[in-house]
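Chemist: Before we start, here is the structure in question, set down as structure tokens.
The values are calculated or read from the model by the stated rules, or taken from the named source; none is laboratory data. Fair warning: this is a prediction, and the values are worked out from it, not measured in the lab. Methodologically, a virtual Cβ is constructed for each residue, glycine included, from the backbone with ideal geometry; neighbour enumeration extends over all protein chains shown. Heavy atoms of the whole protein, side chains included, go into the accessibility calculation; ligands, DNA and RNA do not. Shrake-Rupley method; radii C 1.70, N 1.55, O 1.52, S 1.80 Å.
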Amino acid sequence: MEPDKFRESRQEINRMCKNVHALIDQKALEESKQGYEKVNEQLKILKPQAEGEIQKRSVKNLGIKLKNLSTLIHKLKPKPGARKAGKTGIVWDEARLAELNPVFLEKILHNIGTDENATVCLGTTGKGIRPNYQIHFSDKTLTAYSGASHKPNQKPGADHTKNISPPFSRAIIETALTQNSQKEQ
């Protein structure tokens, strides 16, 4: 590569590295990662164009600088709340419902009792193994249940949470239980 063009490219990469280092100093994790990716792309473009020992050594030194930046970025911790903001809740559908433990589904049906028109909304937080749930009975009453104990939830506001799935009918719960039981046989 022509020495002047190589020098310009190298200087641009060095400026980008300084910017990424400044972002790391500010503890801006996501911005640092994005800046690092851009610098890395520039170095990938420059690397095959390097001619001669001096240019190749210069590219190697830039690679070492990038590796150092990568190490510093990996040491950064996300800001509190950043994980929650990007985290999406569990999306409950009939297939996901059928993955629940059959005993769990039986206990939901037990809590529904004989109400054929009751619906169940599952919690969308946690891991989705024993989700809290709400039963909306046909007489317009609502009861929130703990997914761990299947007892009515005593926490204030448990029946007014925003983190719940759309309602599932009793028939859908029974179908999920049947599908789940067939898988285990």
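Chemist: Anything in segment 96-115 that is open to solvent by less than 80 Å² (accessible area, probe 1.4 Å) and either out of contact with any strand residue (DSSP E or B) (no Cβ under 7 Å at 6 or more places or on another chain) or on the phi > 0 side of the Ramachandran plot (or both)? List them, or say none.
Modeler: R96, A98, L100, P102, V103, F104, L105, L109, G113, D115
Chemist: Take the residues in segment 119-136 that are over 15 Å from H150 (Cβ atoms) and touching a helix residue (DSSP H, G or I) at 6+ places or on another chain (Cβ under 8 Å); name whichever of them is most open to solvent (accessible area, probe 1.4 Å).
Modeler: So, considering only residues that are over 15 Å from H150 (Cβ atoms) and touching a helix residue (DSSP H, G or I) at 6+ places or on another chain (Cβ under 8 Å), the one most open to solvent (accessible area, probe 1.4 Å) is T119.
Residue-wise test of (1) surrounded by 12 or more Cβ atoms within 10 Å (Cβ to Cβ); (2) part of a helix (DSSP H, G or I); (3) at pLDDT below 90.
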residue	(1), (2), (3)
Q11	no, yes, no
I24	yes, yes, yes
E53	no, yes, no
S58	yes, yes, no
G63	yes, yes, no
K67	no, yes, no
